[in-house]
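Just below is one structure, and these are the notes that go with it.
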Amino acid sequence: AVLQFFINRISKEKDDARQDDFEAVPFSFYKLAEPLSKIPETAANVLREQYDGGYGMFIYRGAKLLKNIFPQFNADLEKALVQIAHRNTKDDLLFVMAILRNYEGQPFIHGVCRELVKILPEDDELLSEVRVILQSTGVVHGTHGFAEAFARKIGEIEYWLNDTDPKIKAFTEKYIHGLKLQIDA
């Protein structure tokens, strides 16, 4: 019922022309996340039913709602997202990616990202979105903030180079190469 309440608010926000003064999903939850976090599979599947293909807006609406419920990933949420990704439709994959976009590239999303790399063909355009998800940093500080953040990103993912799956290894090599170019720039 609580999830449906927020889904109704999201629908109202989409339909309402006065979007400046109404936010369907609060910035964060204070006590509400605790009880909702006990139903990760239900929460993920209910929100998946709401995904209408509007990837960009869903990141800030439905996906943000799931992130508010799960500020940190847990194994049950990861399992639910992997199950949705394995349905292997473009909308299922984009739904999972929209969820991941809200986590600013934190290492705890790597398991789901690896599954996406395994599922997608090596030349699939959606792999560039996986790179963006992994590369996200949130706020950086200082003169060399991005360079330092990208160097940290390399350190966090280097172990993927030892993966026995050639797709994971090839993706990782390309991803690290791109990060190194950005550090140099």
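The values are calculated or read from the model by the stated rules, or taken from the named source; none is laboratory data. Nothing here was measured: the structure is a model prediction, and the numbers come from that model. Note that we place each Cβ from the backbone using ideal geometry, even for glycine, and neighbour counts take in every protein chain shown. Heavy atoms of the whole protein, side chains included, go into the accessibility calculation; ligands, DNA and RNA do not. Shrake-Rupley method; radii C 1.70, N 1.55, O 1.52, S 1.80 Å.
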What pairs come out if I take residues in the range 42-56 that are under 16 Å from Leu81 (Cβ atoms) and at pLDDT below 90 and pair them with residues that are acidic (Asp, Glu) and not in a loop (DSSP other than H, G, I, E, B) whose C-beta lies under 7 Å away, six or more apart or interchain? Tyr51/Asp91
Restricted to the range 73-96 and to residues being of a type outside the set (S, T, N, Q) and part of a loop (DSSP other than H, G, I, E, B), the residue most open to solvent (accessible area, probe 1.4 Å) is Arg87
For the range 31-57, which positions are small (Gly, Ala, Ser) and in a loop (DSSP other than H, G, I, E, B)? Ser37, Gly53, Gly54
Between residues in the range 58-70 that are part of a helix (DSSP H, G or I) and residues that are modelled with pLDDT of 90 or more and crowded, with 24+ Cβ neighbours inside 10 Å, which pairs lie under 6 Å by C-beta distance while being six or more apart or on different chains? Phe58/Ala98; Ile59/Ala98; Ala63/Ala98; Ala63/Ile99; Leu66/Ile99
Which residues, taken from the range 140-167, are among the aromatic types (Phe, Trp, Tyr) and either closer than 13 Å to Leu181 by Cα or open to solvent by 100 Å² or more (accessible area, probe 1.4 Å) (or both)? Phe146, Phe150, Tyr159
